[in-house]
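The values are calculated or read from the model by the stated rules, or taken from the named source; none is laboratory data. Every value quoted in this text rests on a predicted model; they were computed, and no experiment measured them. Ideal geometry is used to build each Cβ from the backbone, glycine not excepted, and the neighbour counts take in all protein chains shown.
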């Protein structure tokens with residue numbers, strides 16, 4: 001019950017904060033692309049939360065813990081927050097003042113990419129019971145080398161590329177692509193720093209790294 005109440009509260013607060021970041025700078029609640037993104041984010045998030053609560057409560061609890069312990073990663077998390085804040089606000093201002101226009105076809109395609117990313121994200125969560133929003137090694141943790149982990153060493157981050165890079169286009173803005181462009185460099189920095197930690201702290205990770213060549217994008221990086 002405590003986990004359920006905590007999950008509901010965090011869900012409500014998160015959606016409310018998203019609404020503030022979108023509709024306040026837009027100057028209106030009549031922001032169709034804003035509502036589209038709220039639905040695309042909130043519905044899968046709710047369904048995934050229900051599944052984790054029933055099937056993997058420990059995983060849900062770890063996902064709710066987003067307090068980064070490593071000093072370097074605290075600055076990366078701050079960078080992510082600024083990227084998303086800038087993307088939401090600039091995209092909403094774009095709608096308010098009509099700086100750019102994204103075609104409906106591109107909005108739909110970007111929405112499909114977002115849902116593909118969410119599906120990949122859910123699959124990674126199913127595959128890896130040790131998944132956490134913070135960089136850590138849990139007691140008894142083992143290297144996962146099945147499923148998407150056979151393709152890249154960090155499939156969760158790979159999934160987020162599908163979710164977050166098209167985000168401004170879902171919101172109907174080309175200007176929003178400016179802040180979201182910083183997402184990829186931040187992810188790469190986070191991965192490099194995380195791998196240094198895993199090599200030192202997680203048994204078997206060195207062998208896994210030698211077996212799976214690519215970190216984030218197959219055949220590229």
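One table, with the values for the structure above:
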quantity: Residue check for residue 207: at pLDDT below 95, loosely packed, with under 14 Cβ neighbours inside 10 Å, assigned to a helix (DSSP H, G or I) and out of contact with any strand residue (DSSP E or B) (no Cβ under 8 Å at 6 or more places or on another chain); calculated: yes
quantity: Meets criteria (touching a helix residue (DSSP H, G or I) at 6+ places or on another chain (Cβ under 8 Å), closer than 30 Å to residue 108 by Cβ and touching a residue at least 40 places away in the same chain (Cβ under 8 Å)) for residue 217; calculated: yes
quantity: Residue in region 62-78 that is surrounded by the fewest Cβ atoms within 10 Å (Cβ to Cβ), counting only those that are in a helix (DSSP H, G or I) and modelled with pLDDT under 75; calculated: 71
quantity: Subset tally (residues that are under 29 Å from residue 144 (Cβ atoms) and surrounded by 16 or more Cβ atoms within 10 Å (Cβ to Cβ)) for region 165-187; calculated: 8
quantity: First in region 78-94 and closer than 12 Å to residue 17 by Cβ, second anywhere and surrounded by 16 or more Cβ atoms within 10 Å (Cβ to Cβ), Cβ under 7 Å, 6 or more apart; calculated: 85/21; 88/21; 88/22
quantity: Residue in region 145-164 that is modelled with the highest pLDDT, counting only those that are surrounded by fewer than 19 Cβ atoms within 10 Å (Cβ to Cβ) and assigned to a loop (DSSP other than H, G, I, E, B); calculated: 151
quantity: Members of region 20-41 found to be part of a helix (DSSP H, G or I) and buried (at least 16 other Cβ atoms within 10 Å of the Cβ), listed by number; calculated: 21, 22, 23, 25, 26, 33, 34, 36, 37, 38, 40, 41
quantity: Single match in 105, 81 (criterion: in a helix (DSSP H, G or I), at negative phi, over 17 Å from the mean Cα position of the chain (by Cα) and loosely packed, with under 14 Cβ neighbours inside 10 Å); calculated: 105
quantity: Selected residue (only one of 103, 111, 173 is out of contact with any strand residue (DSSP E or B) (no Cβ under 8 Å at 6 or more places or on another chain), more than 28 Å from residue 205 (Cα to Cα) and without any contact (Cβ under 8 Å) to a residue 24 or more places away in the chain); calculated: 103
quantity: Sole exception among (1) in a loop (DSSP other than H, G, I, E, B); (2) surrounded by fewer than 15 Cβ atoms within 10 Å (Cβ to Cβ) for residue 199, by number; calculated: (1)
